[in-house]
Amino acid sequence: MHIRKAFESDFTSMWPIFHAVVAEGSTYVFAADASRQTAFDYWFGKDIKTYVAEDDGKIVGMYKLVANQRDRGAHVANASFMVDPAYARKGAGRTMGEHCLREAKAAGFLAMQFNFVVSTNERAVRLWQSLGFKIAGTLPKAFQHPSLGHVDAYVMHRFLDDAAN
Ligand SMILES: CC(C)(COP(=O)(O)OP(=O)(O)OC[C@H]1O[C@@H](n2cnc3c(N)ncnc32)[C@H](O)[C@@H]1OP(=O)(O)O)[C@@H](O)C(=O)NCCC(=O)NCCS
């Protein structure tokens, strides 16, 4: 598994992954029919650092790293991750998560915060907990799950001082 910075030309490979993840509907707030332009802006908008995970030259996932807030909140990082469903549970999520923590620490961020982890997204909650994140708060019924109805979302947080370099 190789993680590298994403180029806009990678979007051709990133779009089907984005589409598959949002069409499944249980992890992100995007509508199932979110457009290519929406996806492009999400990954390549202003001040967004995006990375792809490659296996044997094939893009199998991506993540982005941004400041969670502007100005006085800019010392806390935020990140988002998507792995090709066909490539689930092969370590791409963990490899990208570890890479992201290193990048954020190297960039000087004090902490990392995920603003909206769907509480029923057990794969993500477990992965983030195993990478040192704690549930800092619960947003009651904040997510409209396609089969479960309104479910909670978590704010997850960790400081970066003890993250690996
Ligand atoms: C969450 C996601 C990034 C995990 O990526 P992945 O490549 O499948 O995960 P990994 O193979 O690296 O597994 C890492 C850990 O995730 C957890 N995990 C992964 N799949 C799991 C499953 N089916 N059930 C429970 N835990 C699971 C485990 O803790 C696992 O660690 P382990 O393999 O040591 O047990 C991926 O499933 C994904 O893109 N999901 C859709 C989008 C999403 O939810 N993004 C995160 C939003 S907060």
* Asked: Which residue, of ALA79, ALA164, ALA153, ALA142, is farther than 26 Å from MET14 by Cα, among the hydrophobic types (A, V, I, L, M, F, W, C) and assigned to a strand (DSSP E or B)?
  -> ALA142
* To do: Residue by residue through the range 110-124, note down the ones that are outside any loop (DSSP other than H, G, I, E, B), near the ligand (Cβ under 8 Å from one of its atoms) and either surrounded by 16 or more Cβ atoms within 10 Å (Cβ to Cβ) or touching a residue at least 24 places away in the same chain (Cβ under 8 Å) (or both).
  => PHE114, PHE116, VAL117, VAL118, ARG123, ALA124
* Restricting the search to the range 59-109, which residues are of a type in the set (Lys, Arg), surrounded by fewer than 19 Cβ atoms within 10 Å (Cβ to Cβ) and within 14 Å of the ligand (Cβ to nearest atom)? -> ARG89, LYS90, ARG94
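Across the range 13-51, what is the number of residues that are under 17 Å from ASN78 (Cα atoms) and touching a His at 6+ places or on another chain (Cβ under 9 Å)? First the steps, then the outcome.
From the range 13-51, those under 17 Å from ASN78 (Cα atoms) are 27-29, 41-51; that's our starting set.
After this cut, where a residue has to be touching a His at 6+ places or on another chain (Cβ under 9 Å) as well, the list is 51.
Going through the range 13-51 one residue at a time, the tally reaches 1.
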* Can you tell me which residues in the range 143-160 are within 13 Å of the ligand (Cβ to nearest atom) and either small (Gly, Ala, Ser) or at pLDDT below 95 (or both)? -> ALA153
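Select from the range 21-58 the residues that are in a loop (DSSP other than H, G, I, E, B) and within 14 Å of the ligand (Cβ to nearest atom) and list them in ascending order.
Just the residues of the range 21-58 that are in a loop (DSSP other than H, G, I, E, B), to begin with: 25-35, 45-48, 56-57.
Correct list: GLY25, SER26, THR27, TYR28, VAL29, PHE30, ALA32, ALA34.
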* Asked: Among LEU131, LEU127, which is the only one that is surrounded by fewer than 21 Cβ atoms within 10 Å (Cβ to Cβ) and under 16 Å from TYR28 (Cβ atoms)?
  -> LEU127
* Asked: Does any residue in the range 126-138 that is at negative phi come within less than 8 Å, Cβ to Cβ, of a residue that is of a type in the set (Asp, Glu) and within 13 Å of the ligand (Cβ to nearest atom) six or more places away or on a different chain, and which pairs are these?
  -> LEU131/GLU98
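The values are calculated or read from the model by the stated rules, or taken from the named source; none is laboratory data. As the structure is a prediction and not an experimental result, all values here were calculated from the model. Quick reminder, even Gly has a Cβ in these numbers, built from the backbone with ideal geometry, and neighbours come from all protein chains shown.
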